[in-house]
Amino acid sequence: MTDYAKERADVYADMTAPVAAFDGRKILSVAANFALPPTVPSPTPMPYPLLGEADVVRLICSPLPAAAAALSRRIGEEIAAIFESETATQTYVNTEASMHVTLFHTSHPDACLPFSPALRAEEVRTLKALISSTPAFALTIHSVILAASGTVLLLFEDPTNAVQHLRSRAKATFGSALRHPNHIIHSTLSRVLTDTVSPACLAAAIARCKQLTAELAGQRVEIDAIWYVEETHFYSAGSGQHEKIAFGTALA
């Protein structure tokens, strides 16, 4: 087992352990970034509040192919419905069109950097050189999990460690400003936004996640491109301008 694979396996072992209870502080911290009923008809991500007028968060991610995006949306809706069977609970499900695997940020919400048309052109040019020299790759589904933060995640295995190699090359290219998840490869499907879930409801959701993991583990998901997303709203790869860049060599 490679170092990348071992590190990922160790992290996943912790992440897939059953959640005994939600962390209410984490849920409320996430919920603070949404407009919630009755102010709006349904939970809606809010704009990033601290960006300069011309600044954006720059997210680099890979869109899920159509079938995987549809599956991810169905799972997100199904787990959200379990929680919303208790009327006090509110949830948010990511849109099918925005389902993605997070790769890295060239400007992160926690450390947003200035932006300009010239900087955008430079970043896109650099990404095109990086991505065009990277072959397309396939991930496999590892598990569907529920985090203590109330987030439903689809975790992936990376048989060739393509994602970690890409992150390392990007770090060398973009420097210390680049941020990326440590070890994990995931898609976020839905979120619980109220700290109102009963133990029985939580147990039912965890049980369904385990069933889905048993059904889906090992399913192949082909990744053939990235999005350069100029993200304007929290948790919203669907917000802002997108540019799609294809990997250099298609899968056989």
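The values are calculated or read from the model by the stated rules, or taken from the named source; none is laboratory data. Computed from a prediction, not measured in an experiment: that's the story for all the values here. Here Cβ is always computed from backbone atoms with ideal geometry, including for glycine, and neighbour counts include all displayed protein chains.
For this structure, a couple of remarks:
- Answer residue from segment 201-252, given it is of a type in the set (Ser, Thr, Tyr) and under 20 Å from the mean Cα position of the chain (by Cα) and is farthest from ALA66 (Cα to Cα) among those: THR232
- Picking from residues in segment 163-188 that are aliphatic (A, V, I, L, M) and surrounded by 20 or more Cβ atoms within 10 Å (Cβ to Cβ), the one that is nearest to THR95 (Cα to Cα) is ILE185.
- Any chance VAL192 is modelled with pLDDT of 95 or more, farther than 21 Å from VAL30 by Cα and crowded, with 21+ Cβ neighbours inside 10 Å: no
- Hey, PHE115 of a type outside the set (D, E, K, R), assigned to a strand (DSSP E or B) and either over 15 Å from ARG58 (Cα atoms) or more than 17 Å from the chain's Cα centre (by Cα) (or both) or not: no
- Exactly one residue out of VAL152, VAL101, VAL163 is more than 22 Å from TYR4 (Cβ to Cβ) and among the hydrophobic types (A, V, I, L, M, F, W, C), and it is VAL152.
Let's see how each residue does on (1) closer than 30 Å to THR44 by Cβ; (2) aliphatic (A, V, I, L, M):
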residue	(1), (2)
ILE206	yes, yes
LEU216	yes, yes
GLU231	yes, no
SER236	yes, no
GLU243	yes, no
PHE247	no, no
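- Entirely in segment 1-87, the helices (runs of 4 or more DSSP H) that have 2 or more residues that are more than 19 Å from THR196 (Cβ to Cβ): 3-15, 66-84
- Residue satisfying condition, being in contact (Cβ under 8 Å) with a residue 60 or more places away in the chain, buried (at least 18 other Cβ atoms within 10 Å of the Cβ), touching a Ser or Thr at 6+ places or on another chain (Cβ under 7 Å) and of a type in the set (Val, Ile, Thr), within set VAL19, VAL57: VAL57
- Residue identified as β-branched (Val, Ile, Thr) and free of Cβ contacts under 8 Å to residues at least 12 places away in the same chain among VAL40, VAL11, VAL30: VAL40
- The condition of being free of Cβ contacts under 8 Å to residues at least 60 places away in the same chain, surrounded by fewer than 20 Cβ atoms within 10 Å (Cβ to Cβ) and within 30 Å of PRO114 (Cα to Cα) holds for only one of ALA35, ALA81, that being ALA35.
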